[in-house]
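Novice: Let me begin by handing over the structure; questions about it come next.
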There are 2 protein chains.
Amino acid sequence: MGSVVAEITVSLDGFVAGPNDSPELGLGEGGEQLHEWVFGLKSWREPHGLEGGEEGRDADLVQNAIDRTGAIIVGRRMFDNARGWGDEPPFRKPVFVLTHEPREPVEKSGTTFTFVNGIESALEQAQSAAGDRDIGIGGGAQTIQQYLAAGHLDELLLHVVPLLLGGGVRLFDGVGGDVKLEQAEVIASPAVTHLRFRIAPG
Amino acid sequence: MGSVVAEITVSLDGFVAGPNDSPELGLGEGGEQLHEWVFGLKSWREPHGLEGGEEGRDADLVQNAIDRTGAIIVGRRMFDNARGWGDEPPFRKPVFVLTHEPREPVEKSGTTFTFVNGIESALEQAQSAAGDRDIGIGGGAQTIQQYLAAGHLDELLLHVVPLLLGGGVRLFDGVGGDVKLEQAEVIASPAVTHLRFRIAPG
């Protein structure tokens, strides 16, 4: 079975979205800046149907995360704020959306969104869909916090951008204390520092 | 004139002290763990009157910060929580303590603590004392926030440790937005990642 990996971009002051995130504002005020590091990368542009882009360490890291991931879990708020990733979601693998109001699965251009109530059930279904590959916990903050607090995360991959948002949605809020992290990898480029941590079994 | 450099150790979840920091608890519950990366380093142990210790990149970085710093500014809360650094403070250079209740300077084993009301006045006095060398803004969080918000910081050096404190004193709280950071250096070791940022003039 693969690892359970939470991967998310975070500002230096710890926010994964700016103030007032919503379907209208997406990642909130200033939140789009969080992902500027990724928009120019070939490995991000390709699955988004865009041509060209940079290669290199950042692009390789993104490609590697895509390749090793067999299924993805996201929270309902993230799904809503991204407006379901439009008509052509970039994932092209099973995505499980946590929600208290399950509904029929949605299939769009090779990506199936399955709506699941409960983090345990979502994890089981994702593991079954992913086979030997990893489960990506894509966010948002609450979803990652839930999996972290429940002891289900094996790895945390943070893309830290040199940005102070000053407010918004904090990645770490009310979790910690008994979580043991081990620094596994640091990759730096001018626009972003990638920090990979292994999480010791609790 | 030297640069104004804020340097501080921060947990991955953004805290520079645990809950309930005080003269009795020092850095608060769990806060001592923040500095475990530094206690074994030769360049930290020497000014603290301790023998031995590790050399290497972390130790060099600490030594470099010591060498380039001509004067230090700290907040009153930090001074109190450290209980004035006892009878033999490690600094051996002028330290300016921000306080609304100035009192007579204190001299202890080569370190002079001068109590100053106001961040501008402290900076002027520190610059005058430091000559061509840097001014170190040593913390705590509020002091760094004040200098950051006032546009006085040239550089931010964070020692990020793979630790979730879950609560305490946040380094960044209510600052950001218009602060422009530029990633200048990343040095990683298993116990800590050093992130150095230049701050663009506002």
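Derivation of every value follows stated rules applied to the coordinates shown; laboratory data play no part. All values derive from a computational prediction rather than experimental measurement. Positions of Cβ are generated from backbone atoms using ideal geometry, with glycine treated the same way; all protein chains shown enter the neighbour counts.
Novice: Can you give the direction-averaged projected area of the convex hull of the alpha-carbon atoms in region A:65-127, in nm²?
Specialist: Seen from a random direction, the Cα hull of region A:65-127 projects 4.1 nm² on average.
Novice: What is the ratio of the Cα radius of gyration of region B:1-86 to 2.2 N^0.38 Å, with N the residue count, to two decimals? Numbers along the way, then the final one.
Specialist: Values: Rg = 13.9 Å, N = 86, 2.2 N^0.38 = 12.0 Å.
In units of the 2.2 N^0.38 Å rule of thumb, it is 1.16.
Novice: Still on this structure, please answer the following. Find every distance from the label point of A:Pro105 to the corresponding label point in the other copies (7 Å from Cα along Cα→Cβ) and write them in nm, one decimal, shortest first.
Specialist: So the label point of A:Pro105 gives 7.5 nm to the other copies.
Novice: Something else about it: Determine, from the Cβ-Cβ distance of A:Arg76 and A:Glu54 and an R0 of 51 Å, the FRET efficiency 1/(1 + (r/R0)^6), rounded to the nearest 0.05.
Specialist: That gives a FRET efficiency of 0.95.
Novice: Fully extended, how many nm does the chain gain between A:Glu88 and A:Gln33 (0.36 nm per residue separation, minus their Cα-Cα distance)?
Specialist: 17.6 nm
Novice: What is the order of A:His35, A:His194, B:His100, A:His152, fewest Cβ neighbours within 10 Å to most?
Specialist: Final ranking by Cβ density, sparse to dense: B:His100, A:His35, A:His152, A:His194.
Novice: Still on this structure, I have one more. For chain B, with a Gaussian network of springs between Cα atoms less than 10 Å apart, report the residue from B:Thr112, B:Thr143, B:Thr69 with the top mean-square fluctuation.
Specialist: Highest fluctuation among the options: B:Thr112.
Novice: Additional query: Where the Cα atoms of region A:135-177 are projected onto their three principal axes, how long is each span, largest first, in whole Å?
Specialist: That gives 29, 20, 17 Å along the principal axes, largest extent first.
Novice: Kindly state, as a whole number, the per residue volume in cubic angstrom of the convex hull around the alpha carbon atoms of the protein assembly as shown.
Specialist: 148 Å³
Novice: Give me the net charge of B:His159's neighbourhood, meaning all other residues with Cβ under 13 Å from the Cβ of B:His159; Lys, Arg count +1, Asp, Glu -1.
Specialist: Within the 13 Å Cβ shell, the charges total -2.
Novice: Could you work out the relative contact order of region A:133-202? I mean the mean sequence separation of Cα pairs under 8 Å and 6+ apart, divided by the number of residues, in percent.
Specialist: RCO, region A:133-202: 37 percent.
Novice: Across the residues of B:144-152, average count of Cβ atoms on other protein chains within 10 Å?
Specialist: 0
Novice: As an exercise, use a Förster radius of 51 Å and the Cβ-Cβ distance of A:Val106 and A:Glu182 to find the FRET efficiency, rounded to the nearest 0.05.
Specialist: 0.85
Novice: Shielding by partners for A:193-199, please: the mean number of other protein chain Cβ atoms within 10 Å of each residue's Cβ.
Specialist: Average neighbour count from other chains, rounded to a whole number: 3.
Novice: With springs connecting C-alpha atoms under 10 Å apart, model chain A as a Gaussian network and identify which of A:Glu104, A:Glu36, A:Glu120 has the largest mean-square fluctuation.
Specialist: With Cα springs under 10 Å in chain A, the top fluctuation among A:Glu104, A:Glu36, A:Glu120 is at A:Glu104.
Novice: When we measure straight from the Cα of B:Lys42, which aspartates and glutamates land under 13 angstrom away, once same-chain ones fewer than 8 places off are left out?
Specialist: Output for B:Lys42: B:Glu51, B:Glu54, B:Glu55, B:Asp58, B:Asp60.
Novice: Placing +1 at every Lys and Arg Cβ and -1 at every Asp and Glu Cβ, with all other atoms neutral, what dipole size does chain A have around its Cα centre, in debye to the nearest 20?
Specialist: Computed about the Cα centre, the dipole is about 220 debye.
Novice: How much net charge surrounds A:Gly18 when only the other residues with a Cβ under 12 Å from the Cβ of A:Gly18 are counted, with Lys and Arg +1 and Asp and Glu -1?
Specialist: So the surrounding residues net to -3.
Novice: Just in region B:95-202: which trypsin sites (Lys or Arg not before Pro) are loop by DSSP and have at most 10 other Cβ atoms within 10 Å?
Specialist: Those that pass, being in a loop and sparsely packed, are B:Arg103.
Novice: Can I ask one more? P(r) for chain B, please, calculated from all Cα pair distances in 10 Å bins and given in %.
Specialist: Answer for chain B: a P(r) of 9, 35, 42, 14, 0 percent.
Novice: Could you let me know the centre-to-centre spacing of region B:37-112 and region A:67-111, using Cα atoms, in angstrom?
Specialist: Between the Cα centres of region B:37-112 and region A:67-111 lies a distance of 51 Å.
Novice: At 7 angstrom along the Cα-to-beta-carbon line, where would the label on B:Gly84 sit relative to the other copies? Give the distances in nm, shortest first.
Specialist: For B:Gly84, the inter-copy label distances come out at 6.8 nm.
Novice: Assume the label is 7 Å from Cα along Cα to beta carbon: what separations in nm does B:Asn20 have to the matching positions in the other copies?
Specialist: Listed shortest first, these distances are 4.0 nm.
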